[in-house]
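To keep things clear, I will list the structure first and then write my remarks on it.
The values are calculated or read from the model by the stated rules, or taken from the named source; none is laboratory data. All figures in this text were calculated on a predicted structure; none of them were measured in a lab. Neighbour counts run over all protein chains shown; Cβ positions are idealised from the backbone, glycine included.
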Amino acid sequence: DTAVSQTPKYLVTQMGNDKSIKCEQNLGHDTMYWYKQDSKKFLKIMFSYNNKELIINETVPNRFSPKSPDKAHLNLHINSLELGDSAVYFCASSQDPVYNEQFFGPGTRLTVL
Amino acid sequence: DQQVKQNSPSLSVQEGRISILNCDYTNSMFDYFLWYKKYPAEGPTFLISISSIKDKNEDGRFTVFLNKSAKHLSLHIVPSQPGDSAVYFCAASEYNNNDMRFGAGTRLTVKP
(Lines give C-alpha, C1' and ligand atoms only; values in the text may rest on other atoms or scores of the structure.)
Protein backbone atom coordinates (compact mmCIF):
# COMPACT_ATOMS: atom_id res chain seq x y z
CA ASP A 1 0.00 0.00 0.00
CA THR A 2 2.51 2.56 -1.27
CA ALA A 3 2.06 6.11 -0.02
CA VAL A 4 4.08 7.89 -2.71
CA SER A 5 4.78 6.02 -5.92
CA GLN A 6 6.81 6.91 -8.98
CA THR A 7 7.03 5.35 -12.40
CA PRO A 8 9.25 4.32 -13.96
CA LYS A 9 11.91 3.30 -11.46
CA TYR A 10 14.59 3.33 -14.14
CA LEU A 11 14.63 5.35 -17.34
CA VAL A 12 17.37 5.14 -19.94
CA THR A 13 17.05 7.37 -22.96
CA GLN A 14 18.96 9.19 -25.67
CA MET A 15 19.98 12.80 -25.62
CA GLY A 16 17.38 15.06 -27.18
CA ASN A 17 14.41 12.89 -26.30
CA ASP A 18 11.37 14.01 -24.31
CA LYS A 19 10.35 11.94 -21.31
CA SER A 20 7.97 11.99 -18.36
CA ILE A 21 8.11 10.65 -14.83
CA LYS A 22 4.84 10.07 -13.03
CA CYS A 23 4.16 10.53 -9.34
CA GLU A 24 1.11 9.67 -7.30
CA GLN A 25 0.38 9.98 -3.59
CA ASN A 26 -2.51 8.37 -1.74
CA LEU A 27 -1.99 10.25 1.52
CA GLY A 28 -4.44 13.05 0.79
CA HIS A 29 -1.62 15.59 1.03
CA ASP A 30 -2.01 19.08 -0.36
CA THR A 31 1.57 19.69 -1.45
CA MET A 32 3.79 17.67 -3.76
CA TYR A 33 7.43 18.14 -4.72
CA TRP A 34 10.10 17.09 -7.15
CA TYR A 35 13.71 16.77 -6.05
CA LYS A 36 16.86 16.00 -7.98
CA GLN A 37 19.68 14.08 -6.35
CA ASP A 38 22.81 14.97 -8.20
CA SER A 39 26.08 13.09 -8.54
CA LYS A 40 27.31 14.53 -5.25
CA LYS A 41 24.20 13.11 -3.56
CA PHE A 42 22.71 16.51 -2.78
CA LEU A 43 18.93 16.55 -2.73
CA LYS A 44 17.79 19.78 -4.38
CA ILE A 45 14.21 20.89 -4.64
CA MET A 46 13.01 21.57 -8.16
CA PHE A 47 9.30 22.25 -7.83
CA SER A 48 6.46 22.09 -5.40
CA TYR A 49 2.73 22.26 -6.07
CA ASN A 50 0.06 23.23 -3.57
CA ASN A 51 -3.56 22.98 -4.70
CA LYS A 52 -2.46 23.01 -8.33
CA GLU A 53 -0.40 26.13 -7.91
CA LEU A 54 3.33 26.24 -8.37
CA ILE A 55 4.76 27.75 -5.22
CA ILE A 56 8.44 27.02 -5.60
CA ASN A 57 10.38 27.03 -8.79
CA GLU A 58 14.10 26.78 -8.28
CA THR A 59 16.39 27.81 -11.09
CA VAL A 60 15.82 24.75 -13.19
CA PRO A 61 15.87 24.84 -16.98
CA ASN A 62 12.49 25.44 -18.59
CA ARG A 63 12.92 22.08 -20.30
CA PHE A 64 11.56 20.73 -17.03
CA SER A 65 7.88 21.26 -16.44
CA PRO A 66 5.68 19.87 -13.68
CA LYS A 67 2.13 18.92 -14.54
CA SER A 68 -0.51 18.29 -11.89
CA PRO A 69 -3.75 16.83 -13.28
CA ASP A 70 -5.15 16.60 -9.74
CA LYS A 71 -4.09 16.90 -6.12
CA ALA A 72 -2.82 13.33 -5.98
CA HIS A 73 -0.53 13.55 -8.99
CA LEU A 74 2.50 15.62 -9.95
CA ASN A 75 4.22 14.48 -13.11
CA LEU A 76 7.57 15.73 -14.33
CA HIS A 77 8.05 16.35 -18.04
CA ILE A 78 11.50 16.84 -19.45
CA ASN A 79 12.10 18.05 -23.00
CA SER A 80 15.28 17.80 -25.05
CA LEU A 81 17.11 15.68 -22.49
CA GLU A 82 20.78 16.45 -21.91
CA LEU A 83 23.59 14.36 -20.46
CA GLY A 84 23.59 16.51 -17.32
CA ASP A 85 20.01 15.57 -16.59
CA SER A 86 21.18 12.11 -15.53
CA ALA A 87 20.32 11.82 -11.85
CA VAL A 88 17.85 10.28 -9.44
CA TYR A 89 14.58 12.20 -9.24
CA PHE A 90 12.44 11.94 -6.14
CA CYS A 91 8.83 12.88 -5.76
CA ALA A 92 7.53 13.80 -2.30
CA SER A 93 4.38 15.04 -0.62
CA SER A 94 3.45 16.73 2.63
CA GLN A 95 0.26 17.69 4.43
CA ASP A 96 1.41 20.58 6.52
CA PRO A 97 3.04 23.39 4.52
CA VAL A 98 4.38 24.96 7.69
CA TYR A 99 6.17 22.12 9.38
CA ASN A 100 6.36 19.74 6.52
CA GLU A 101 7.44 16.20 7.09
CA GLN A 102 7.72 15.07 3.56
CA PHE A 103 7.05 11.56 2.38
CA PHE A 104 9.24 10.49 -0.50
CA GLY A 105 8.73 8.16 -3.39
CA PRO A 106 11.32 5.50 -4.23
CA GLY A 107 13.05 7.62 -6.84
CA THR A 108 13.51 7.36 -10.60
CA ARG A 109 17.02 6.87 -11.89
CA LEU A 110 17.29 8.71 -15.19
CA THR A 111 20.25 7.95 -17.43
CA VAL A 112 20.74 10.03 -20.56
CA LEU A 113 23.10 8.51 -23.13
CA ASP B 1 25.37 27.54 -1.76
CA GLN B 2 24.98 24.68 0.66
CA GLN B 3 23.01 26.03 3.56
CA VAL B 4 22.91 22.66 5.27
CA LYS B 5 26.13 20.75 5.66
CA GLN B 6 26.97 17.28 6.83
CA ASN B 7 30.72 17.21 6.91
CA SER B 8 31.15 13.52 7.63
CA PRO B 9 30.33 11.45 4.55
CA SER B 10 30.52 8.23 6.54
CA LEU B 11 30.46 6.86 10.07
CA SER B 12 31.07 3.35 11.34
CA VAL B 13 30.08 2.18 14.82
CA GLN B 14 29.79 -1.10 16.67
CA GLU B 15 26.39 -2.57 17.41
CA GLY B 16 25.13 -1.46 20.80
CA ARG B 17 27.21 1.72 20.87
CA ILE B 18 26.04 5.27 20.27
CA SER B 19 25.96 6.78 16.78
CA ILE B 20 26.26 10.55 16.57
CA LEU B 21 25.54 12.23 13.26
CA ASN B 22 26.22 15.93 12.92
CA CYS B 23 24.75 18.70 10.82
CA ASP B 24 25.54 22.40 10.51
CA TYR B 25 23.52 25.13 8.86
CA THR B 26 24.23 28.68 7.83
CA ASN B 27 20.78 30.22 7.42
CA SER B 28 19.66 31.72 10.72
CA MET B 29 16.09 31.87 9.39
CA PHE B 30 15.77 28.10 9.53
CA ASP B 31 13.52 27.13 12.38
CA TYR B 32 12.52 23.57 11.67
CA PHE B 33 14.92 20.69 11.29
CA LEU B 34 14.41 17.11 10.23
CA TRP B 35 16.38 13.93 9.86
CA TYR B 36 15.66 11.47 7.10
CA LYS B 37 16.96 7.95 6.68
CA LYS B 38 17.56 6.44 3.28
CA TYR B 39 18.15 2.84 2.30
CA PRO B 40 19.63 1.99 -1.13
CA ALA B 41 17.14 2.19 -4.01
CA GLU B 42 14.48 3.72 -1.76
CA GLY B 43 13.33 7.26 -1.09
CA PRO B 44 14.24 9.04 2.14
CA THR B 45 11.93 8.32 5.08
CA PHE B 46 11.21 10.79 7.83
CA LEU B 47 12.87 9.92 11.12
CA ILE B 48 12.61 12.74 13.64
CA SER B 49 12.25 16.52 13.71
CA ILE B 50 12.79 19.46 16.02
CA SER B 51 11.59 23.04 15.97
CA SER B 52 13.75 25.95 17.00
CA ILE B 53 11.81 26.48 20.23
CA LYS B 54 13.28 23.25 21.55
CA ASP B 55 16.81 22.03 22.07
CA LYS B 56 16.05 18.33 22.30
CA ASN B 57 13.53 15.90 20.92
CA GLU B 58 13.51 12.21 21.71
CA ASP B 59 11.76 9.31 20.02
CA GLY B 60 12.77 5.89 21.23
CA ARG B 61 16.39 5.23 20.38
CA PHE B 62 16.64 8.48 18.40
CA THR B 63 17.35 11.89 19.91
CA VAL B 64 17.95 15.11 18.05
CA PHE B 65 19.79 17.97 19.73
CA LEU B 66 19.69 21.55 18.48
CA ASN B 67 22.22 24.23 19.34
CA LYS B 68 20.87 27.39 17.76
CA SER B 69 23.77 29.61 18.74
CA ALA B 70 26.19 27.25 17.04
CA LYS B 71 23.77 26.52 14.18
CA HIS B 72 24.38 22.87 14.80
CA LEU B 73 22.24 19.84 15.28
CA SER B 74 23.01 16.23 15.92
CA LEU B 75 21.22 12.92 15.80
CA HIS B 76 22.02 10.36 18.46
CA ILE B 77 21.10 6.73 18.00
CA VAL B 78 21.51 4.55 21.05
CA PRO B 79 21.90 1.66 21.08
CA SER B 80 22.85 1.37 17.42
CA GLN B 81 21.59 -1.65 15.53
CA PRO B 82 22.74 -3.18 12.21
CA GLY B 83 19.35 -2.25 10.72
CA ASP B 84 20.21 1.40 11.32
CA SER B 85 22.84 1.17 8.57
CA ALA B 86 21.67 3.69 5.97
CA VAL B 87 22.34 7.18 4.71
CA TYR B 88 21.05 9.90 7.03
CA PHE B 89 20.06 13.28 5.65
CA CYS B 90 19.70 16.41 7.71
CA ALA B 91 17.15 18.94 6.39
CA ALA B 92 16.05 22.42 7.39
CA SER B 93 13.30 24.83 6.48
CA GLU B 94 11.87 28.20 7.43
CA TYR B 95 8.45 28.71 8.97
CA ASN B 96 5.67 28.44 6.38
CA ASN B 97 8.13 27.77 3.60
CA ASN B 98 8.07 24.57 1.62
CA ASP B 99 11.63 25.04 0.45
CA MET B 100 13.47 22.40 2.45
CA ARG B 101 17.25 22.26 2.21
CA PHE B 102 19.07 18.98 2.56
CA GLY B 103 22.60 18.10 3.56
CA ALA B 104 24.66 15.71 1.47
CA GLY B 105 24.04 12.83 3.83
CA THR B 106 26.14 10.66 6.13
CA ARG B 107 26.41 6.95 5.51
CA LEU B 108 26.13 5.09 8.80
CA THR B 109 27.39 1.54 9.06
CA VAL B 110 26.60 -0.38 12.22
CA LYS B 111 28.78 -3.46 12.56
CA PRO B 112 27.46 -6.55 14.35
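Brief remarks follow.
- A:Leu110 vs. criteria in contact (Cβ under 8 Å) with a residue 12 or more places away in the chain and either within 14 Å of chain B (Cβ to nearest Cβ) or not in a strand (DSSP E or B) (or both): no
- Looking across the range B:37-54 at every residue that is part of a strand (DSSP E or B) and not β-branched (Val, Ile, Thr), the one that is surrounded by the fewest Cβ atoms within 10 Å (Cβ to Cβ) is identified as B:Ser51.
- Checked against (1) farther than 21 Å from A:Lys40 by Cβ; (2) away from chain A (no Cβ under 14 Å), B:Phe46 meets all criteria but (2).
- Extreme residue, surrounded by the fewest Cβ atoms within 10 Å (Cβ to Cβ), among residues of the range A:20-43 that are closer than 21 Å to B:Ala104 by Cα and modelled with pLDDT of 90 or more: A:Lys36
- Yes/no for A:Asn26 being more than 30 Å from B:Ser10 (Cα to Cα) and in contact (Cβ under 8 Å) with a residue 12 or more places away in the chain: yes
- Residues located in the range B:71-112, provided they are assigned to a loop (DSSP other than H, G, I, E, B), without any contact (Cβ under 8 Å) to a residue 40 or more places away in the chain and away from chain A (no Cβ under 12 Å): B:Ser85
- All of B:Leu34, B:Leu11, B:Leu21, B:Leu66 fail the test of being within 12 Å of chain A (Cβ to nearest Cβ) and either assigned to a strand (DSSP E or B) or touching a Ser or Thr at 6+ places or on another chain (Cβ under 7 Å) (or both), apart from B:Leu34.
- Subset of the range A:45-86 that is within 14 Å of chain B (Cβ to nearest Cβ) and in contact with an Asp or Glu (Cβ under 7 Å, 6 or more places away or on another chain) - its residue that is modelled with the lowest pLDDT: A:Ile56
- Residue count, the range A:29-45 (criterion: free of Cβ contacts under 8 Å to residues at least 40 places away in the same chain and either outside any loop (DSSP other than H, G, I, E, B) or hydroxyl-bearing (Ser, Thr, Tyr) (or both)): 2
- Residues within the range A:65-107 that are of a type in the set (A, V, I, L, M) and part of a strand (DSSP E or B), tallied: 6
- Among the residues of the range A:67-88, those identified as more than 19 Å from A:Val112 (Cα to Cα) and not small (Gly, Ala, Ser) are A:Lys67, A:Pro69, A:Asp70, A:Lys71, A:His73, A:Leu74.
- Residue within the range A:78-91 that is surrounded by fewer than 22 Cβ atoms within 10 Å (Cβ to Cβ), over 18 Å from A:Leu11 (Cβ atoms) and either of a type in the set (D, E, K, R) or more than 10 Å from the chain's Cα centre (by Cα) (or both) present: no
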